[in-house]
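Beneath this line is the structure, given in structure tokens, with notes to follow.
Every read-out reported here was derived from the displayed coordinates using simple, explicitly stated rules and does not represent laboratory data. It should be emphasised that the depicted structure is a prediction, and the values quoted were computed from it without experimental measurement. Methodologically, a virtual Cβ is constructed for each residue, glycine included, from the backbone with ideal geometry; neighbour enumeration extends over all protein chains shown.
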Ligand SMILES: Nc1ncnc2c1ncn2[C@@H]1O[C@H](COP(=O)(O)OP(=O)(O)OP(=O)(O)O)[C@@H](O)[C@H]1O
């Protein structure tokens with residue numbers, strides 16, 4: 001088990017008049033190599049959950065164990081950060097160095113790596129994240145929105161964490177920028193074998209990449225299972241305040257009309273194949289009756 005959460009509760013403003021319980025009764029296990037999507041409406045506790053996973057927040061109740069280390073062990077915070085890298089929502093707001101190179105190098109430098117190792121890591125992550133060498137000496141403030149986002153992710157990747165958590169990584173990007181970031185994230189999982197945890201309030205984004213989906217609702221885990229199970233249960237999504245993609249409503253409507261649906265799909269081409277198969281089947285059947 002790589003990350004384990006046992007009966008976790010987190011309260012903001014703990015023991016003050018402004019207490020706000022953000023999470024409670026959270027039990028969760030994540031294995032190396034998984035690609036998990038976390039969805040939930042605004043304020044459901046997604047960001048709090050992932051900040052507990054890299055020791056940025058410490059639960060008042062319960063335990064969070066990362067690769068055998070309890071996040072309550074204060075002396076081991078660096079060890080945890082090395083293993084779990086968290087890319088915040090709008091990470092470009094955290095770019096603060098004079099050049100792109102220095103921004104990407106900041107993390108590994110902090111972890112005490114040699115200049116030679118840092119240079120090697122910066123080169124590697126730039127290739128992975130499609131960051132041209134030509135911009136390394138530029139100020140991060142001169143970059144486009146998509147470039148800034150990729151540089152911010154590169155800064156976390158340069159620390160080579162086993163697990164990469166991305167909190168709404170495409171927020172505010174246009175369609176092309178979103179596609180590019182998602183392609184990169186998929187490659188990090190498939191080729192570089194990183195454990196990926198992706199937060200989104202959008203099931204479509206999550207469905208296109210993850211197999212396992214966790215739905216949060218009012219600070220509790222409302223669902224934890226395969227995306228296909230969720231697809232079958234639109235009410236579950238609606239009850240947790242999420243909007244199901246149109247493609248799911250279409251399949252449910254077709255099912256009500258007698259279509260045989262073995263598995264609810266997200267991809268439009270798979271749905272099209274299923275429709276063709278159903279229609280072909282009914283033509284053959286009718287043909288057989290004659
Ligand atoms: N620093 C804070 N102080 C007090 N309450 C907070 C703080 N941060 C979050 N909260 C509250 O904790 C709850 C969970 O917030 P959290 O940010 O984890 O939700 P979220 O699902 O990530 O929301 P969003 O999708 O808007 O980012 C919310 O009710 C929120 O208002």
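Observations
- Cβ-derived FRET efficiency at R0 45 Å, residue 9 paired with residue 183, nearest 0.05: 0.75
- Taking other C-beta atoms within 10 Å as the exposure proxy, 178, 267 rank 267, 178 from fewest upward.
- Cβ-Cβ FRET estimate between residue 60 and residue 94, R0 fixed at 25 Å, reported to 0.05: 0.40
- Computed from Cα positions, the angle between helix 246-256 and the longest principal axis of the chain comes to roughly 30 degrees.
- Residue-averaged 222 nm ellipticity for the chain, from DSSP H runs of 4+ at -39500 (n - 2.57), nearest 500: -12500 deg cm²/dmol
- Residue-span extension gain [residue 133 to residue 260] - 0.36 nm each, minus C-alpha spacing: 40.5 nm
- R0 of 35 Å, Cβ-Cβ distance residue 141-residue 114: FRET efficiency to nearest 0.05: 0.75
- Overall dimensions of segment 22-66, expressed as equivalent-ellipsoid semi-axes from the Cα gyration tensor (√(5λ), whole Å, largest first), are 16, 15, 10.
- Taking other C-beta atoms within 10 Å as the exposure proxy, 52, 128 rank 128, 52 from fewest upward.
- Computed from the alpha carbon atoms alone, the convex hull of segment 1-93 holds 125 Å³ per residue.
- Relative contact order computed over the chain (Cα-Cα under 8 Å; 6+ residues apart), in percent: 22
- Residues 56, 198 in ascending order of nearby Cβ atoms (within 10 Å, fewest first): 56, 198.
- Å³ per residue enclosed by the Cα convex hull of segment 218-290: 82
- 10 Å binning of all Cα-Cα separations within segment 44-99, expressed as whole percents from 0 upward: 22, 47, 25, 6, 0
- Whole-Å distance, taken between Cα centres, linking segment 229-278 and segment 171-213: 21
- One equal scatterer on each Cα of segment 31-186, no solvent, Debye formula: the resulting log10 I(q)/I(0) at q = 0.13, 0.20, 0.21 Å⁻¹ is -0.63, -1.36, -1.44.
- Here is the P(r) of the chain: all C-alpha pair distances, binned every 10 Å from 0, give 6, 25, 30, 22, 11, 4, 2, 0 in whole percents.
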